[in-house]
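**Q** Dropping the structure in here first, questions after.
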Amino acid sequence: MRDEAPQWACARALARCAGSTTVPTSLGTVPAREKCHRPARRVTLQSTRPVARDSMSELIHALLFDRAASQPDAQALGALGQSMSYGELAEHTRAFAAAAVAAGVGRLDRVAVWLDKRVETVVSIMGAAAAGAVFVPINPVLRAAQAAHILGDAQARLLVTSAERWASLSPWLATLPGLRCVVLVPGSRGQPVS
């Protein structure tokens, strides 16, 4: 059985940036609502040449950062009574990216996101891209066995999911040696996984 202590320490650090409220550890459930004030590494990407807007050659998170710079107070997301401005989304994205890099996620590593449509899903996807990683969205209606296959096939290093979905993956954890870190966000609105 794999040592879970480093996994949970990483989950705590990333969960604070992803907006989670609690993270399970070997000592129980701990609050994780703190803000990341000291990112380990600032992630900035700059183009060396002008890029035409219609060429689709810009990175997805760069589009977010551009909008946040020009319209920081405009609403970017709204779901289940939550809303987030472009400025807030950019801030959470940068914090998630910095925490992912601090947790050992490197350029082109895979960051899988197995969540319902929610704010944390967007922050995780944008944060993975900003960290230089490749995001792997996993359809929230998939069963645990299917998600485990995708995680293994993609060789995901980090997984962002709910506690319920994480628990459903336990029979397949031995087949996921590349998975080094798990970020748990509160609850799931979708169908139960099995």
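The values are calculated or read from the model by the stated rules, or taken from the named source; none is laboratory data. These numbers were taken from a predicted model, which means no experiment stands behind them. So basically every Cβ, Gly included, is an ideal-geometry build from the backbone, and we count neighbours across all protein chains shown. Only protein heavy atoms, including side chains, enter the accessible area calculation; ligands, DNA and RNA are left aside. Shrake-Rupley method; radii C 1.70, N 1.55, O 1.52, S 1.80 Å.
**Q** Could you list the residues of segment 125-144 with an amide nitrogen less than 17 Å from a label point located 7 Å from the Cα of L59 in the Cα-to-C-beta direction?
**A** So the set is 125-136.
**Q** Which whole-number percentage describes the relative contact order of segment 98-194, with Cα contacts under 8 Å and a sequence gap of 6 or more? Don't jump to the answer; show the numbers that get you there.
**A** Working: 163 pairs, mean separation 30.9, N = 97.
Relative contact order comes out at 32 percent.
**Q** Still on this structure, I have one more. Obtain the radius of gyration and the Kirkwood radius of segment 109-156 from its C-alpha atoms and give Rg over Rh. The partial results should precede the final answer.
**A** On the way: Rg = 10.5 Å, Rh = 10.8 Å.
Reported Rg/Rh (Cα atoms, Kirkwood Rh): 0.97.
**Q** Before I look further, what does segment 70-194 give for accessible area per residue, probe 1.4 Å, in whole square angstrom? Intermediate values should be presented prior to the final figure.
**A** Working: 5570 Å² over 125 residues.
On a per-residue basis, segment 70-194 sits at 45 Å².
**Q** Quick one: with all protein chains in place, what share of the accessible area of segment 63-168 is carbon or sulfur, to the nearest percent (1.4 Å probe)?
**A** 51 percent
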